[in-house]
1. Please list 120, 581 from largest to smallest accessible area, probe radius 1.4 Å, with all protein chains kept in place.
2. For the stretch 355-466, what percent of Cα pairs sit more than 16 Å apart?
3. Using the Cα centre as the reference, give the magnitude of the dipole from point charges on the C-beta atoms of the chain (Lys, Arg: +1; Asp, Glu: -1; all else neutral), rounded to the nearest 20 debye.
4. Using Cα pairs closer than 8 Å and at least 6 residues apart in sequence, work out the relative contact order for the stretch 105-175, in percent.
5. With every protein chain present, what is the per residue accessible area of the chain (1.4 Å probe, Å²)?
6. What do you get for the angle between helix 447-458 and the principal long axis of the chain? Use alpha-carbon atoms, 0 to 90 degrees, nearest ten.
7. Of 466, 435, 646, which is farthest along the charge dipole of the chain in the positive direction, counting Lys and Arg as +1 and Asp and Glu as -1 at C-beta?
8. So what is the orientation-averaged projected area of the stretch 229-349, using the convex hull of its C-alpha atoms, in nm²?
Amino acid sequence: MKKPIIPLLLVLFVIIAMGPPASASMSKHIVNYRIEARLLPDEKAVAGQQILTWLNDSGRPVNDLQFHLYLNAFKNNKTTFIKESGGVHRGFKLDKNNWGYIDIERFAVGGGPDLTAAIEYIQPDDGNEYDQTVMRVVLPEPVPPQEAITLEIDFYSKLPKVFARSGFSENFFMVAQWFPKIGVLWEGEWNCHQYHNNTEFFADYGVYEVAITVAEEYVVGATGKRIDEATNSDGTVTYTHYQEDVHDFAWTACPDFVEFREPFRMENPHVETEMILLIHRMHLNQKDRYLSALKNGIEFYSQSYGAYPYPTITLVDPAPKATGAAGMEYPTLFTGGTMWWLPEGFHLTEMVTIHEFGHGYWYGMVGSNEFEEAWLDEGINTYSEIKAMAKYYGEDRSMVDLGGLKIGDLVYQRVPVMASSRLDPILKNSWEFYSGGSYATNTYAKAGLMLLTLENYLGEDVMADIMRTYFERWKFKHPTSEDFVAVAEEVSGRDLGWFFDQFLKSPDKLDYAIGRIRSEEVKEPEGIFDGQVRDEAQEADAGEQESKEEDRQGADTQDTVRQGMGKKAGDKQDIDAPEEEKIYRNEVVVLRKGEMVFPQEILIRFEEGEEVTEKWDGRERWKRYVYFRPSKLASVHVDPEYKVLLDINFTNNSRLMEPNKLPVWKHALRLMFQFQNILSIFSF
Ligand SMILES: [Zn+2]
């Protein structure tokens, strides 16, 4: 039986919104949604009644409200989403017999008259008059600062056939971005962008209580904890879910789900939650993989960034024909992705599970503006995913470990960055990227590699501190890139402006390479000279003194000449060596081929086993090192440990005099190129 909740809740919400936030709450509650939703399976639609209490947390009266009506992105072929995507999202086509839309049937302020006629559609990003993904309502009276308003909104959401994360496929329903969601009043202005092909979401925190009514054969999963389950006389069941401190609500229903619930507990940090897996019966053989990956995800993120705080985490396995809904995050609920035939050694299920769970932190709890700074979610999450995958599945085989073929997630993420063109920086409005590929490469892979490069530069412990501090300080507060940079500088105690200015804001590339290398025997002076002759090694020695002098003054010279192996300045006897002790002039030129500047280490190995490591600030276009040794060069390597992961070409990082031992990386990269096409179809 359904409870008569609306009048009671109206009162309750006003109290909640007007009062100070409860002491236990993690976020400031700007929104309080109470929604009654009924699934209409034949119409492939949801009928909803929503009571929203919204707090004007700004210092000015607010005259109008703005809402996202995301489903209208799929209303016709002239919407901004469809124009930008060409009707194709992640390789899936929009079914033109099944448009999606949301109709507002009633819009009233706290029991007042219906304001539906006052609704207008606005297009703040592109002025496309056919786009109805943002609605604006001018209020009869403004909402004073720090006061709340309660709205009653009835709506009808027609779901598209699964496309761009949400919709239906036969009897499977992924109900996401399905209700009128208020925009964010940010620094006194509405931040409410249209739904674009390359944008995800941005919303305020608060409380959601949603009662979902479905025919009794449906198995339902939703954001938050189930607080009530009531059987109705018409053969339907109403499931009520409740969650505080979230900024969205999604749900799913399908008679073919099999539900598994398992408690998760850990100490240090203390985590106590319930894992709920809704797996399609066609994928039952993948159950243990999902649950084991989810455990790994909860453990890794809790240990690395902070304890997972919610009472539930729901993993939804979409129906086989609903892959367009796979690999997507919502608060305390996400969709995975698998195939019944997926071999154990192909860690796709694991990668998607860990990636999407991880969004619960950066998208879910940190909640940055994904329209404007998507890397703060996708990039930080890719960085986290690479580390988690390496920990649980092996750094060199975390993606693929199949019949001798091994591919790590790090190598997998490097491929698109290596192949990318200089069209966009990481930091840019998501809908303004050149293409979906450029958006994905920059905000996911390149930003992830940027953070791993920073970790290698600052050290793992410092980076771990940065990430923990950032999460702890900024969770539930919508931080920006500047906030991230400020935490990184504060925790590391270093100026990192040069780093983030380059890698966040410039589309250029980083590529250091070994240029010319040669080893030539130093000849006795021959020919006709006027006066005394110094040989080349002596000249070099004098040069080194000058160079050291300049180093002390902080200057950088492009030529550095080194003595060594006991060849001290003016040690005439050694330089005038007997014929059997030859001296070689060994020359190494290191090149900066890209625009990006990053400090470099250069490792020089000589045939007799000596190793020299040089440090170069990497600023000039080239740098020459000359060594006088009784031994020739064996190999030269810039960034010998491959720490600078943004370097787009590792194959030019080393030169060997004898091509005898290729670095392992070269093999891995070659294999990677062969398999990148197979992997790219699974880019979640
Ligand atoms: Zn993601």
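The values are calculated or read from the model by the stated rules, or taken from the named source; none is laboratory data. All of these numbers come straight from a predicted model, not from anything done at the bench. Counting neighbours? That spans all protein chains shown, and the Cβs are built from the backbone with ideal geometry, glycine included. Quick note on the areas: whole protein, heavy atoms, side chains included, nothing else; ligands and nucleic acids left out. Shrake-Rupley method; radii C 1.70, N 1.55, O 1.52, S 1.80 Å.
1. Values: 120 70, 581 105 Å².
Descending accessible area places them as 581, 120.
2. Details: 3830 of 6216 pairs.
Across the stretch 355-466, Cα pairs with separations above 16 Å total 62 percent.
3. Numbers: 70 positive and 107 negative charges, 365 e Å.
With Lys and Arg at +1 and Asp and Glu at -1, about 1760 debye.
4. Numbers: 82 pairs, mean separation 20.3, N = 71.
Worked out over the stretch 105-175, it gives 29 percent.
5. Working: 27910 Å² over 684 residues.
Roughly 41 Å² per residue, with all protein chains present.
6. So the inclination is approximately 50 degrees.
7. 435
8. Working: hull surface 35.3 nm².
One quarter of the hull surface, i.e. the mean projection, equals 8.8 nm².
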